[in-house]
Amino acid sequence: MDIFESSSSSLQRNRSLVKLARPIGGVALRLVLVLLAAAAGTVACEVLIRYAVDGSLGRLQFLQLPPVFVATGAVAAVIGFVYGLSNRLLLACTFGWGVLAFIGASHVNKSRVLDRPLAPWDLLEWRQIIALLGSVASGNEWTFVFGALGALVILVLFVVSMRRRPLLPLHWSVRLLTVSLAAGYLTAVVGHRHPEVAPYFSKLEITNLVWEPKGNIDRNGLILSLLMNTRALLVHHPGYSKKAVETAIAPYRDRVSSAPEEAPDIVVYMGEALWDPTQLGVRFSTDPMPNLRRLMAEHSSGWLISPAYGGFTSNVEFEVLTGIPMAMLPSGSVPYQSYVKEPLEALPSILKGHGYRTVAVHTFHRWFWSRDEVYPRLGFDRFIALDEFPNIACEGPYPSDEPLVDRVIEQVKEDPSRPLFLFAISMVTHGPYQYERSKTPEVTVLDSLSEPTVHDLENYASALFRADKALGRLVDFLASRERKTLLVVFGDHLPSLGANLSVFTETGFISQPQTREDWRRMATVPLALWTNYPTPKRDVESGMPFLSLEVLRSAGFNPPGYFAFLDSLSKRIVGLRPDFVVTADGTVLVPRSESLPAGLRRDLDQMYLLGFDRLLGKNHAAAVAPNPTGFADSAAALPEQLGE
């Protein structure tokens, strides 16, 4: 009897263990499936993007295993999070793979066009991605064919997962635990610099190479690089305080501001990808930019250091209009979409305070780069965009500059009773340049180069020739006026010629690996300051943050406060980018280098402090600076919507 009872008790215990093991085994099976799905997606994404960008897997050797494991965990967390919410494993896997496919394709296309990796900020402007698909697709048809097939497969899996009964459903308690753990893991990865998390990343030898975005992708992979840089959307300045700002601005608080007796009309004409391709050493059938070359020869002219290459025009605008350097912000960020949420003192608001009409004209979508939201905050009264150019003619894939010049002339004539500040942005020279080549291009290449290089150069040079012709017509009109007029013409960045800088390397314009002088060459764009009244001719070499100061001085204004600080700083720094600084003697230095002179480091710290105060802080400097002519308060009461 005792033996029977003992056997029965043992059997009951075994059954209990089996009942307990069954759900544990089921959860373990589900965990394994999630990890396998995440690992497959992560590896496929990292391998395919390297092959798509480089045409080989050579750079795969730089990818470290610990970042791959952490990234796999992050993808598993995303899948697990959706799995816990939906209780559908196939749906969760499809969602995870879809996200990987989207960011992978976005990274490949951005790298090919702009030679720059994907950043978290890019994903905020999905409208830009859709609007540029047509131009990016030109010359990359097979990429989009495979992308469309991949999207179709994901869509089919999504439909199947929704129509079928849930596969391997979870108990509600397990779902809650899964969602919590997944959210916690993702939070830890995004906040990898937190004191509780940083030691683990240090043990794994994972470093976020924020100063080298391409190297970050090579070493840590696209997925982990994106996650680690997501938190940088929140900008802070470690030494920011009211006292620090007051100390930095104090030397400029007593500067006497002044304005000219006769305020000139000011037209700032930013040429899209405006650059001199003859610097490549390539012979062309005709000069692609004769009018601009004439302006530069006869009037004040020189060169500007741009913070961008091949794109991100809005970041150039931001530096030009506000005087705030991109170097103080996270790599890859876009201030227009992330930071300019309140009225901000800028060139248009300053001039508006002196009675100017302030108008922006751009032959593209008004929502692009969120300009429609940002421009009123910078002080523009009106923004004339593509929707006000009915039936506009295109030259290549983008609108002609001739209608742009027509509208600029129209605005100059509109109200002669008030001075005008007009900011015009051209489009016809926008890249990429792989679109179908004209049978009768205005400019042809005379040298023997590879077919892709000749294709890109002739498309770009011909578009530049047409843009220069429109510019010449504008100059002829302004020259016929009696009213004083200042015209400032400059390029926003170099054109994105060839995949992976191939045109620049093939022609020997830059070397591989690039030197510091190459960095400077790839950031230098032309500048001309033309007037229809006598002014001394000057040679100008500067950075985009100093151009607003240059415009004000050329027009006869002498601003106080932050712009007085820029005036002082411009005597020591002539160019500034996130990756290098050009000093007044032409030396190229790395901002974060330990060898940076103490005085220059202090200058940059003050510039970043005052820039942070104006853009993201409490604008303490405006309260300190004097305001006898309306400069400091010029952004105090701007309309939230543009007038029509």
Checklist entry - Which pairs do you get when a residue that is closer than 15 Å to residue 455 by Cβ, found in region 498-521, comes within reach of a residue that is among the polar types (S, T, N, Q), reach meaning Cβ atoms under 6 angstrom, with the pair 6+ apart or on two chains? => result 503/453; 506/453
Next on the checklist: Among the residues of region 449-490, what is the count of those that are of a type in the set (Gly, Ala, Ser) and closer than 15 Å to residue 278 by Cα?
Outcome noted: 3
Checklist entry - Checking residue 4 against (1) of a type in the set (Phe, Trp, Tyr); (2) surrounded by fewer than 19 Cβ atoms within 10 Å (Cβ to Cβ); (3) modelled with pLDDT of 85 or more; (4) more than 30 Å from residue 209 (Cβ to Cβ), which single condition isn't satisfied? => result (3)
Checklist entry - Among the residues of region 572-583, is there at least one that is on the phi < 0 side of the Ramachandran plot, surrounded by fewer than 22 Cβ atoms within 10 Å (Cβ to Cβ) and without any contact (Cβ under 8 Å) to a residue 60 or more places away in the chain? => result yes
Checklist entry - If you check residue 312 against the conditions, is it out of contact with any Asp or Glu (no Cβ under 7 Å at 6 or more places or on another chain), surrounded by 22 or more Cβ atoms within 10 Å (Cβ to Cβ) and among the aromatic types (Phe, Trp, Tyr)? => result yes
Next on the checklist: If I go through region 326-378 residue by residue, how many of them are at pLDDT 95 or above and small (Gly, Ala, Ser)?
Outcome noted: 1
Checklist entry - When you go through 444, 453, 485 one by one, which is the residue that is of a type in the set (Ser, Thr, Tyr), touching a residue at least 12 places away in the same chain (Cβ under 8 Å) and touching a Gly at 6+ places or on another chain (Cβ under 8 Å)? => result 453
Next on the checklist: Within region 124-135, does at least one residue satisfy the condition of being part of a helix (DSSP H, G or I), at pLDDT below 70 and closer than 23 Å to residue 183 by Cα?
Outcome noted: yes
Checklist outcome for this item: Of the residues in region 541-569 that are more than 14 Å from residue 320 (Cβ to Cβ) and not in a helix (DSSP H, G or I), the one that is most open to solvent (accessible area, probe 1.4 Å) is 541
Item to check | Tally, over region 407-436, of residues that are closer than 16 Å to residue 288 by Cα and open to solvent by 20 Å² or more (accessible area, probe 1.4 Å) | outcome: 1
Checklist outcome for this item: The residue from 488, 454, 475 that alone is in contact with a strand residue (DSSP E or B) (Cβ under 6 Å, 6 or more places away or on another chain) and modelled with pLDDT of 95 or more is 488
Next on the checklist: Here is a check on your reading of the model: is residue 79 open to solvent by less than 50 Å² (accessible area, probe 1.4 Å), in a helix (DSSP H, G or I), among the β-branched types (Val, Ile, Thr) and touching a Cys at 6+ places or on another chain (Cβ under 7 Å)?
Outcome noted: yes
Checklist entry - How many residues does region 259-268 hold that are open to solvent by 10 Å² or more (accessible area, probe 1.4 Å) and at pLDDT 95 or above? => result 0
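How do the helices (runs of 4 or more DSSP H) wholly within region 195-300 filter down when requiring 1 or more residues that are closer than 30 Å to residue 65 by Cα and either in contact (Cβ under 8 Å) with a residue 40 or more places away in the chain or of a type in the set (Phe, Trp, Tyr) (or both): which remain?
Ranges flagged: 198-203, 213-220, 222-230.
Which members of region 528-549 meet the condition of being touching a residue at least 40 places away in the same chain (Cβ under 8 Å) and out of contact with any helix residue (DSSP H, G or I) (no Cβ under 8 Å at 6 or more places or on another chain)?
533, 536, 538, 539, 541
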Next on the checklist: Can you tell me which residue is modelled with the highest pLDDT among those in region 31-76 that are within 16 Å of residue 222 (Cα to Cα) and not in a helix (DSSP H, G or I)?
Outcome noted: 64
Checklist entry - Considering only helices (runs of 4 or more DSSP H) fully contained in region 343-418, which possess at least 1 residues that are free of Cβ contacts under 8 Å to residues at least 40 places away in the same chain and either hydrophobic (A, V, I, L, M, F, W, C) or farther than 27 Å from residue 480 by Cβ (or both)? => result 371-378
Next on the checklist: Given the criteria open to solvent by 20 Å² or more (accessible area, probe 1.4 Å) and either part of a helix (DSSP H, G or I) or within 26 Å of residue 308 (Cβ to Cβ) (or both), does residue 456 qualify?
Outcome noted: no
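The values are calculated or read from the model by the stated rules, or taken from the named source; none is laboratory data. Treat the numbers as computed from the prediction; the structure is a model and nothing was measured. All Cβ positions, even for glycine, are placed from backbone atoms using ideal geometry, and neighbour counts span all protein chains on display. Areas reflect the complete protein model, heavy atoms only, side chains present, ligands, DNA and RNA absent. Shrake-Rupley method; radii C 1.70, N 1.55, O 1.52, S 1.80 Å.
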